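Structure record follows, encoded as structure tokens.
The values are calculated or read from the model by the stated rules, or taken from the named source; none is laboratory data. Model, not experiment: these values are computed from the prediction. Reconstructed Cβ throughout: ideal geometry from the backbone, glycine too, with neighbour counts over all protein chains shown. These accessible areas exclude ligands, DNA and RNA; they are computed on the full protein's heavy atoms, side chains included. Shrake-Rupley method; radii C 1.70, N 1.55, O 1.52, S 1.80 Å.
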Amino acid sequence: MMIRLLLFFFVGILAPVCGVSAVVCFDVARRKASSSHTFRSKFDHYVAITGLSWVGWFARRKLDKCCKDVVGTQEKLLLSRLKANAETQYGREYRFSDIVTREDFVKLLPLTYISHYEPYIQRMMKGEEKVLSDQQPVIFAVTSGTSGKSSILPMTKSQGFLFFIQGISVVYHSLLKAFPENNNLQKTLKFFYTPKWRKSECGILIGPNSSSPTNSKHLLNIYSTPKAGFEILSEPEALYVHLLFGLRDKSLGMLEANFSSIILSSFDALYQNWSDIADDIERGEVKSKLKIDESVREELNNALTPNPQRANEIRDIMKSGSKVGIGKRLWPDCNLILAADSGSFDLPAKLLRETYGKGIPIYSPLYAASEGLLGLNIWPRNQPSLYLLALQSMFFEFIPVEHCNEDQPQTLFMDQVCTYKLLIFRPHLTKGRFCLAYTL
């Protein structure tokens, strides 16, 4: 009797598990995949994008719900952050605990620029706790300086988590809806340059707020460049390696960089280096003249195998003359370029569409800065790119353009400017009041 019960128990457990495994294996097998994938890396790739798509589906549903209650969402966000940081030195100084409405917030906190926060940030960099935030920063992010001199901002672990949930997952969901052909296991050529970090007095890293692919072992399987390639600190050598492993993979599905200008300049570099790259692919090893550590070289060479056929294909394509549409000829199955194409990146994106990237759509997914997530492009096929203000991530205020030069102009909330056309996107500060400019 006991044996029979155990048999029924194991059958009841194993049958569903085997059924799910069979479905997963079938789903993995039917999807277009990069030739450089192993079975394990293909499975890891599948798990990563499947998990991300499910998270994106739930996050998008929540975003849609929040958009139906802008006032409630924005006020809840503001008050929850004030409450969480009420016992910080800044929170006590500006009476966060006395703020119970958004109007109280505007009344008690002045409009400020980054210079207002610099003394507080300096104290945090020396190791002082609970100054601006209840949480200890994980890095001190250096801004790009596109709107002035570079600044340093403390970034907490929860900020990174919310950026992923409210930003990355939502735009990935939008990407798959607009470009369903990307729901496969083709690798992505990601142009990423690992920064040279320094440390604050308290030992916390200081550098750009860009997530490295090496931060997640499973996500690494999405990209054509091996882990060692992302560890190269010199940009020309890193770019050469990105191009080498990207070109090796004929079935590449996507090109990705933070900015369209990076992809445009990478194609320029390709025209200078394609002959050497083709030779490396033919031999199955990185050229000896490339200035990289021997340990990195060894790891990269272990990931390469000789491929004379692909090398000859590259030579024939590059010798064909025309630069127009070269990306699609090198990678016939490439479905998308993922990079910022708005603002100062509008011109490089235009050049990319007209020359190297012709025939491959460009999707600019996020409007973000070191200060945080500002906007989400949930309309991937729209040109020019449009961004939904990230109302779950930032509390927004707006200043009429004609009053921007005033020291303390009256601001309006998001729900009060819904009938106006937003022309200027101008973040003024980091942790306190955050303002945008609008015009009639």
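Please find, among PHE140, PHE191, PHE179, PHE163, the residue that is in contact (Cβ under 8 Å) with a residue 24 or more places away in the chain and closer than 18 Å to LEU205 by Cα. Break it down into steps so the answer makes sense when it comes.
On the way: PHE191 fails: closer than 18 Å to LEU205 by Cα; PHE179 fails: closer than 18 Å to LEU205 by Cα; PHE163 fails: closer than 18 Å to LEU205 by Cα.
Every option except PHE140 fails the conditions.
Listed residues SER210, SER251; which is on the phi < 0 side of the Ramachandran plot, of a type outside the set (A, V, I, L, M, F, W, C) and either within 17 Å of the chain's Cα centre (by Cα) or assigned to a helix (DSSP H, G or I) (or both)? First the steps, then the outcome.
On the way: SER251 fails: either within 17 Å of the chain's Cα centre (by Cα) or assigned to a helix (DSSP H, G or I) (or both).
Of the residues listed, the single one that is on the phi < 0 side of the Ramachandran plot, of a type outside the set (A, V, I, L, M, F, W, C) and either within 17 Å of the chain's Cα centre (by Cα) or assigned to a helix (DSSP H, G or I) (or both) is SER210.
Quick check on this structure: which one of SER150, SER144 is in contact with a Pro (Cβ under 8 Å, 6 or more places away or on another chain), over 26 Å from PHE413 (Cα atoms) and of a type in the set (Gly, Ala, Ser)?
Values: SER150 fails: in contact with a Pro (Cβ under 8 Å, 6 or more places away or on another chain).
Residue meeting the stated conditions: SER144.
Show the residue pairs that are 6+ apart or on different chains and have beta-carbon atoms under 8 Å apart, the first residue being within segment 77-88 and closer than 12 Å to VAL100 by Cα, the second being among the small types (Gly, Ala, Ser) and open to solvent by less than 10 Å² (accessible area, probe 1.4 Å).
Close Cβ pairs satisfying both conditions: LEU82/GLY91.
Condition first: more than 30 Å from ASN302 (Cβ to Cβ) and β-branched (Val, Ile, Thr). Can you find one or more residues in segment 33-54 that meet it? Break it down into steps so the answer makes sense when it comes.
First, pick out the residues of segment 33-54 that are more than 30 Å from ASN302 (Cβ to Cβ): 53-54.
If we keep only those that are β-branched (Val, Ile, Thr) too, we end up with none.
Within segment 33-54, none of the residues are more than 30 Å from ASN302 (Cβ to Cβ) and β-branched (Val, Ile, Thr).
Can you tell me which residue among LEU189, LEU220, LEU162 is modelled with pLDDT under 90 and of a type in the set (A, V, I, L, M)? It would help to see each step written out before you state the result.
Numbers: LEU189 fails: modelled with pLDDT under 90; LEU162 fails: modelled with pLDDT under 90.
Just a single option satisfies the conditions, and that option is LEU220.
Conditions: (1) open to solvent by less than 30 Å² (accessible area, probe 1.4 Å); (2) at pLDDT 90 or above; (3) under 24 Å from VAL171 (Cβ atoms). CYS67 meets all but one. Number of the miss?
(1)
Could you go through segment 199-222 and let me know if any residue there is buried (at least 19 other Cβ atoms within 10 Å of the Cβ), within 25 Å of ARG315 (Cα to Cα) and not basic (Lys, Arg).
no
Given (1) part of a helix (DSSP H, G or I); (2) at pLDDT below 95; (3) of a type outside the set (S, T, N, Q), identify the lone condition not met by PHE267.
(2)
Conditions (1) among the basic types (Lys, Arg); (2) open to solvent by 60 Å² or more (accessible area, probe 1.4 Å); (3) over 19 Å from the mean Cα position of the chain (by Cα), marked per residue:
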position	(1), (2), (3)
GLU313	no, no, yes
THR355	no, no, yes
ILE360	no, no, yes
SER370	no, no, no
PHE398	no, no, yes
ASP407	no, yes, yes
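Being surrounded by 13 or more Cβ atoms within 10 Å (Cβ to Cβ) and either at pLDDT 95 or above or among the basic types (Lys, Arg) (or both): is that true of GLY72 here? Break it down stepwise before answering.
Numbers: surrounded by 13 or more Cβ atoms within 10 Å (Cβ to Cβ): no; either at pLDDT 95 or above or among the basic types (Lys, Arg) (or both): yes.
For GLY72, the condition - surrounded by 13 or more Cβ atoms within 10 Å (Cβ to Cβ) and either at pLDDT 95 or above or among the basic types (Lys, Arg) (or both) - is not met.
Given segment 104-181, what helices (runs of 4 or more DSSP H) lie entirely inside it while holding 2 or more residues that are open to solvent by 20 Å² or more (accessible area, probe 1.4 Å) and touching a helix residue (DSSP H, G or I) at 6+ places or on another chain (Cβ under 7 Å)?
Details: elements: 118-125, 157-163, 169-178.
By residue number, 169-178.
Do we have any residue at all in segment 77-99 that's exposed (fewer than 15 other Cβ atoms within 10 Å of the Cβ), closer than 25 Å to VAL417 by Cα and touching a helix residue (DSSP H, G or I) at 6+ places or on another chain (Cβ under 8 Å)?
no
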